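S.K.: Let me give you the structure first, and then I'll get to my questions.
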């Protein structure tokens, strides 16, 4: 689904100013805070403005949990080139440990190097994290329907594409996009949003 011309520009999740785009209000600065799994301290996505950000709702007991190792491989390969990978543990689909301490131990035992948050909720409801509430407001078809739903955000803070849960982080289409870390131009934006060789990448 392509955005209608009168809709907002792709989600500027790292916006530093409150503004309006095509009649749609953009939320105030830093609305999307997370609690770090290791530090228990609050941080915002805006802390990583200027980087390409890959957000993934994860689950240690999921049949797709092997993607955690793959996400770590991708992060280790591209972190010096401006990629930040955030694993967002989530029990909404019944395959995550019930406590943050169990999740933390699982990650520590495997020496994962990516960023990790405390467990959040991505499904619609009173406990849904603000980031996913906002995505659901503008792009309900992009909300996670399973574990390991991947959201790719460009250097400019704009949502570039969503990668379905069954697609490996090592997928060639996804790596091609990550390798090209200059998402500012319209040309490169269009390339990312229309890269659906096997309909594995979804656009806003």
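S.K.: Against the definition (out of contact with any helix residue (DSSP H, G or I) (no Cβ under 7 Å at 6 or more places or on another chain), crowded, with 16+ Cβ neighbours inside 10 Å and touching a residue at least 24 places away in the same chain (Cβ under 8 Å)), how does residue 132 come out, yes or no? Even if it seems obvious, please write down each step before you answer.
M.R.: On the way: out of contact with any helix residue (DSSP H, G or I) (no Cβ under 7 Å at 6 or more places or on another chain): yes; crowded, with 16+ Cβ neighbours inside 10 Å: yes; touching a residue at least 24 places away in the same chain (Cβ under 8 Å): no.
The answer is no for residue 132.
S.K.: Also: Taking the range 93-125 only, how many residues are free of Cβ contacts under 8 Å to residues at least 40 places away in the same chain and touching a strand residue (DSSP E or B) at 6+ places or on another chain (Cβ under 9 Å)?
M.R.: 4
S.K.: Go through (1) out of contact with any strand residue (DSSP E or B) (no Cβ under 6 Å at 6 or more places or on another chain); (2) outside any loop (DSSP other than H, G, I, E, B) one by one and return the number of the condition residue 166 breaks.
M.R.: Against the list (1) out of contact with any strand residue (DSSP E or B) (no Cβ under 6 Å at 6 or more places or on another chain); (2) outside any loop (DSSP other than H, G, I, E, B), residue 166 comes up short only on (2).
S.K.: If residue 63 satisfies every condition in (1) surrounded by 12 or more Cβ atoms within 10 Å (Cβ to Cβ); (2) modelled with pLDDT of 50 or more but one, which is the exception?
M.R.: Exception for residue 63: condition (1).
S.K.: Which is assigned to a strand (DSSP E or B), touching a helix residue (DSSP H, G or I) at 6+ places or on another chain (Cβ under 9 Å) and at pLDDT 95 or above, of 74, 85? Before the answer, list the steps.
M.R.: Numbers: 74 fails: assigned to a strand (DSSP E or B).
One residue alone meets the criteria, 85.
S.K.: Looking only at the range 144-178, which residues are crowded, with 18+ Cβ neighbours inside 10 Å, within 12 Å of the chain's Cα centre (by Cα) and without any contact (Cβ under 8 Å) to a residue 40 or more places away in the chain?
M.R.: Residue satisfying the conditions is 163 alone.
S.K.: Oh, and also: Limited to the range 130-158, what total is found for residues that are modelled with pLDDT under 85 and assigned to a strand (DSSP E or B)?
M.R.: Summing the residues that are modelled with pLDDT under 85 and assigned to a strand (DSSP E or B) in the range 130-158 gives 1.
S.K.: Looking at the range 33-60, which of its residues are touching a residue at least 12 places away in the same chain (Cβ under 8 Å) and in a loop (DSSP other than H, G, I, E, B)?
M.R.: 37, 38, 40, 49, 50, 51, 59, 60
S.K.: Turning to a different aspect of this structure: Just checking, which of 37, 54, 68, 42 is buried (at least 19 other Cβ atoms within 10 Å of the Cβ) and over 22 Å from residue 179 (Cβ atoms)? Talk me through it step by step, then tell me what you get.
M.R.: Numbers: 54 fails: over 22 Å from residue 179 (Cβ atoms); 68 fails: over 22 Å from residue 179 (Cβ atoms); 42 fails: buried (at least 19 other Cβ atoms within 10 Å of the Cβ).
Step by step, each of 37, 54, 68, 42 is checked, and only 37 is buried (at least 19 other Cβ atoms within 10 Å of the Cβ) and over 22 Å from residue 179 (Cβ atoms).
S.K.: While we're on this one: Being outside any loop (DSSP other than H, G, I, E, B), crowded, with 16+ Cβ neighbours inside 10 Å and over 13 Å from the mean Cα position of the chain (by Cα) is the filter here; which residues of the range 100-119 pass it?
M.R.: Going residue by residue through the range 100-119, those that are outside any loop (DSSP other than H, G, I, E, B) are 100-109, 115-117.
When the remaining residues are screened for being crowded, with 16+ Cβ neighbours inside 10 Å, the result is 100, 103-104, 106-107, 115-117.
Selection gives 100, 103, 104, 106, 107.
The values are calculated or read from the model by the stated rules, or taken from the named source; none is laboratory data. Everything numeric here is computed off the predicted structure, so don't read it as measured data. Please note: Cβ atoms are built from the backbone with ideal geometry, for glycine as well, and neighbour counts cover all protein chains shown.
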